[in-house]
Amino acid sequence: MCVLAGCDAGAWLPRRNAGPAGVLSATSRQEPALSGQGRWLASVVERGGRATLLLQEQPSGRVVQLRHFQNHQPHSSPSLSWNGRYVAALVQQGNQRLPLIEDRATGALHRLPLPADRTAVRLSLAPEGRRLAVQVAQGGQWRVQLFDLSNLLEPDLPGGIALQGGGLDTPR
Amino acid sequence: MKSLLPTTVLALLLAGCLGPVPMPIGPLNGRIEALGANRDPALSGRWLALISGRGGREQVQLLDLERQQPVPVPGLNRADAQPVSVSIDAAGERIALVRQLEGRTELVLYRRSLQSLQPIAMVPSGVPRQVQLQADGRQLAVQVSRGGLWQVDLVQIP
């Protein structure tokens, strides 16, 4: 393996490009996030000049519509739970960037309010859906805060329900 | 801890009006604050990996959220490397890291039980930026700059 790829270049591992971003003909794709076993890929693409969350089944690339991420662009920092039941990302609301979590099984939307003196920069949803980590900017400094979601979300565990389509939404 | 109070108060007020909202985890947030200025959190299983800066130098930190304490990652950080993006699997075994070292940006995979670091080549060549390891640790997604475009590569990990 070292001979083929060159030791300095690092190991060659099986790989593929995530491919075109479905029907959106996006040319650039950022901030990838896979569900626990790789069935779902969330990423951020330009749609009408606005950074928009895109959820696709892998490896087909089939785009699944999300109910609560149609507006409030730019979207950023997507994160998925084990079976892709929960989709979390940052959205724009007024002057603030705030985390939203969509439950694809029920269609429910969960918001994380933040004090006005801080804005969210990045997030990470624990695969089981028990916790959310949010990087915020406050007073010119970055901080990371953890939030407990156990009173809000049912756990999404490995081997749990496998969503076939877009939850309650119709697949494109 | 004092600075976390506004979030807690806001969450409690909203919980009274709107039903349950996410609650800050006070003791753990205190532990995280103690590390310094933090960015790029990655949660998986009982683990939180993040990039933590103190005194102008950044490094990857790993926290065990159940024991509420930092876990050593020998061989992962280098004094002359700048971490860019980090991610961990649910078992806490594999850590994917994009870092800048000696003028180039590289993707490496760290195995905690072996304390080993393996570079992962970009094929075709490109500059990695942001990485995410899926929770079962068997595949990673990496944002790569190629020819002025951002692309996403999916890399299987044996």
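We did not get these values from a lab; they are worked out from the coordinates using the rules stated. These numbers come from a predicted model, not from an experiment. When we count neighbours, we look across all protein chains shown, and the Cβ atoms used for this are built from the backbone with ideal geometry, even at glycine.
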GluC sites (Glu not before Pro) restricted to DSSP loop in the stretch B:52-124 with at most 11 other C-beta within 10 Å: B:Glu66, B:Glu102
Cα shape, the stretch A:40-172, gyration tensor, a/c 1.5 rule: oblate
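Which whole number gives the average, over all residues in A:115-123, of C-beta atoms from other chains lying within 10 Å of the residue C-beta?
Shielding by partners across A:115-123 averages 3.
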Rounded to the nearest 10 degrees, the helix B:5-18 long axis (Cα) sits at an angle to the longest Cα principal axis of chain B of 70 degrees
Go ahead and set up a Gaussian network model of chain B, Cα springs under 10 Å, then flag whichever of B:Gly92, B:Gly148, B:Gly137 fluctuates most. B:Gly148
Expressed as a whole-number percentage, the relative contact order of chain B with C-alpha contacts under 8 angstrom and at least six residues apart is 13 percent
